[in-house]
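Derivation of every value follows stated rules applied to the coordinates shown; laboratory data play no part. For clarity, every value in this text was computed on a predicted model and none was experimentally measured. Neighbour counts run over all protein chains shown; Cβ positions are idealised from the backbone, glycine included.
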């Protein structure tokens with residue numbers, strides 16, 4: 001098969017420079033770009049290039065889309081080779097913005113890494129009305145693309161979504177959950193607040209900036225000065241662009257308390273991770289979640305906070321999943 005693919009590629013010399021650059025430098029060229037280049041010159045199937053790269057165990061990167069149960073188109077990227085893992089973003093993040101691309105860079109030599117855009121973000125579409133169950137179905141669709149089974153690595157509210165997906169019976173091998181923000185305690189502002197309703201009202205009035213500020217101030221607990229200065233930062237425009245998805249994350253978090261009954265139903269090997277420099281509320285959340293999931297392991301990363309460094313997180317993931 002390898003020799004056959006080499007021969008078919010070699011018959012078309014105009015592809016070889018592009019192919020060599022791709023192999024040597026891991027240039028990210030999705031199917032659409034390569035297909036356009038090929039179709040301008042000669043009718044050669046892109047699949048020969050892709051299969052050859054995969055068979056030679058080269059660190060490939062391909063973007064594609066899958067269709068969720070309700071018809072929503074979910075964009076995903078496949079990188080590397082090895083057992084399948086899916087990276088699940090937290091609030092406001094996607095393949096285009098956030099920590100997962102750097103984390104994938106640390107993992108692709110050992111795993112086939114799937115990064116995907118949660119519904120309503122970047123290149124994924126959306127279908128109303130929203131329900132957390134739909135995001136579980138989105139993950140199910142990506143798992144099917146990954147061969148039918150995969151481990152999940154979730155950060156922040158993405159960790160909460162991963163937990164729910166495993167509890168729902170999706171074919172998950174292992175779970176790695178970093179600081180799912182189950183920070184509520186009885187009677188505090190999170191357990192009594194209508195975060196979903198407040199965010200929906202701000203979005204409905206086209207106050208995207210207000211929604212981001214509400215999220216940072218009232219949900220994350222960022223200092224008032226930081227929230228006031230946030231609109232001056234370069235990332236502000238990107239955050240406002242996906243502010244309409246904040247009610248989704250609030251829905252996933254519910255009352256922000258550890259879902260003890262749901263967590264107790266999880267029977268997958270699970271690693272719960274927190275940062276030693278995170279606020280006390282997050283440290284407590286991490287500890288309580290670990291206690292609620294039978295047989296789970298707890299790890300605190302020295303010097304890390306909620307904005308975890310990919311190079312610090314990756315070794316823990318590798319050790320656990322291997």
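A few notes on this one:
- Segment residue 264-residue 217, length gained on full extension (0.36 nm per residue, minus Cα span): 13.8 nm
- Residue 189-residue 102 FRET efficiency (beta carbon distance; Förster radius 30 Å; 0.05 resolution): 0.40
- Chain lengthening between residue 291 and residue 318 when straightened (0.36 nm per residue, less Cα-Cα): 7.5 nm
- Gyration tensor (alpha-carbon) shape descriptor, the stretch 189-251, a/c threshold 1.5: oblate
- Nearest-0.05 FRET efficiency for residue 207 and residue 149, computed from C-beta distance (R0 30 Å): 0.10
- Ranking of 127, 281 by count of other Cβ atoms within 10 Å, fewest first: 127, 281
- Cα gyration tensor shape for the stretch 67-164, rounded if a/c is under 1.5, else prolate or oblate: prolate
- Pair residue 133, residue 310: separation of 7 Å Cα→Cβ label points (nm): 3.6
- For the pair residue 226 and residue 109, the difference between a 0.36 nm per residue extended length and the Cα-Cα distance amounts to 38.4 nm.
- With R₀ fixed at 25 Å, the C-beta to C-beta distance from residue 173 to residue 277 puts the FRET efficiency at about 0.25.
- Inter-site label distance for residue 236 and residue 126 at 7 Å from Cα along Cβ, in nm: 2.2
- Between the stretch 153-215 and the stretch 247-301, the alpha-carbon center distance in angstrom: 12
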